[in-house]
Structures are given as C-alpha cells and as structure tokens.
Amino acid sequence: MPSGVYTKTPEHRAKLSAALRGRRRTDQEKEHLSVALTGKRYNVRSKEPLPVPKPTLETAWAAGLFEGEGSITISRKRWGCLSLMSTDQDVLERFHRAVGVGQVGGPYQQKPDRKPIYQWRVQGEAGIVMVMTLFLPWLGARRRDRWAEVQGVCGYTPVDIRESPAPPTSTSGRAFHPCG
C-alpha cells in the first residue's frame, strides 16, 4: 500500500470510536486522534492527491475485474464512490492489495439462502482519482464515459488518459494488455 494510506483495523476502530463517543468531530480532529492513537494516518475524504503507483500485471488484473464487476456511483450529496462486490473475500482482498486504497467490508447476508457478500469501496476525491488514473489504460468506453460524468458532477480533478501511467511491458518487451 502507498505510504500514508491506512486501512482501519478492529482495534483501531474501537479506540477511535471510544475517543469520538459523545460528540461529532471534524475530519481534522479525527486525523489527529488517529495519529495519536495508532501513529498512522486515517485519511478521511482527503482532497490531497495520492501518489499513483506504477502499474503492474496485478494492477491490470484489478482493472479488468473492476471493468467487469465494479461500479462508479454518485451520491445525492455529489460524492463519488467506487465499489466492487463479490461472494469471494479472497478476491476482494487481492484487489484491495493491488489498488492500495479503500476498505473491504462484509460479510453481508442479503438473503438466508444466498452466499454472503463482501464489498470493496473507496470514497473521496483523492482515492477515487488515484484509482481511476491507475485503471484508465485498461477501461472500456462505457467506464470512461461514466468517469467523465463523475468528474463533471463532483468537480473532481480531471484525469486525462495521457496522464495515466503507461501499462507495464511483458518480458518480451511488448506492452502488456489484459486481452492479449
């Protein structure tokens, strides 16, 4: 994971919850409490850009999974959200490691006769822009159009495909593409 990005553990969540009990705190207060309690950054809907890691074959796999199963949504409050749902927790954990931001939640039991569902999710401009910048070389037209719509509605920093990191090359020196 990129340095400075922290996924909460149950222990961290319990300490932070106890510290926050009784009143609403600002994002800045949450950040300071998180650092004080754990020594790690909480990163609450940061507008500060996150560094985009160099693409790898694992990134290409994650982009392909997101292209097929992921979603890009806009809330009523005009916040963007990227999410991916699956009944396979190990797949979402691998996706989370490849991307380096967001959280994996679950299991959520939709219906008693169905498998539990797990969900990876990232909110906030910094995380969303980083993930989309990383994935753009592998996304199809439909996802790119949806990303352009989210940028317009939410006012996110525009990301041009030319600014996205170049896809990795294979051992033969040719550019790697998930479709062959």
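What are the residues in the range 126-151 that are in contact with a Gly (Cβ under 7 Å, 6 or more places away or on another chain) and not β-branched (Val, Ile, Thr), if any? Working first, answer last.
So in the range 126-151, the residues in contact with a Gly (Cβ under 7 Å, 6 or more places away or on another chain) come out as 127-128, 138, 150.
Residues satisfying the conditions are Gly127, Trp138.
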In the range 125-140, which residues are touching a helix residue (DSSP H, G or I) at 6+ places or on another chain (Cβ under 9 Å) and farther than 16 Å from Ser71 by Cβ? Glu125, Val129, Met130, Thr133, Leu134, Leu136, Pro137, Trp138
Give the residues of the range 115-148 that are at pLDDT 90 or above and charged (D, E, K, R), sorted by residue number. Lys115, Arg121, Arg142, Arg143, Arg144, Asp145, Arg146
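Specify the residue that is surrounded by the most Cβ atoms within 10 Å (Cβ to Cβ); the eligible residues are those in the range 35-81 that are farther than 26 Å from Glu149 by Cβ and modelled with pLDDT under 75.
Let us first name the residues in the range 35-81 that are farther than 26 Å from Glu149 by Cβ, namely 35-42, 54, 56-58.
Filter once more, so that each one left must be modelled with pLDDT under 75: 35-42.
Working: Val35: 13, Ala36: 11, Leu37: 16, Thr38: 16, Gly39: 8, Lys40: 16, Arg41: 14, Tyr42: 19.
Applying the filter and picking the extreme gives Tyr42.
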Based on this model, can you work out whether Leu57 counts as touching an Asp or Glu at 6+ places or on another chain (Cβ under 8 Å) and touching a residue at least 24 places away in the same chain (Cβ under 8 Å)? no
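Evaluate the following for Ser86: is it within 16 Å of the chain's Cα centre (by Cα) and farther than 15 Å from Val131 by Cα? Walk me through it before giving the result.
Numbers: within 16 Å of the chain's Cα centre (by Cα): yes; farther than 15 Å from Val131 by Cα: yes.
It is true that Ser86 is within 16 Å of the chain's Cα centre (by Cα) and farther than 15 Å from Val131 by Cα.
The values are calculated or read from the model by the stated rules, or taken from the named source; none is laboratory data. Given the structure is predicted, the values throughout are model-derived calculations rather than measurements. Neighbour counts are summed over all protein chains in view; Cβ atoms, including those assigned to glycine, are modelled from backbone coordinates with ideal geometry.
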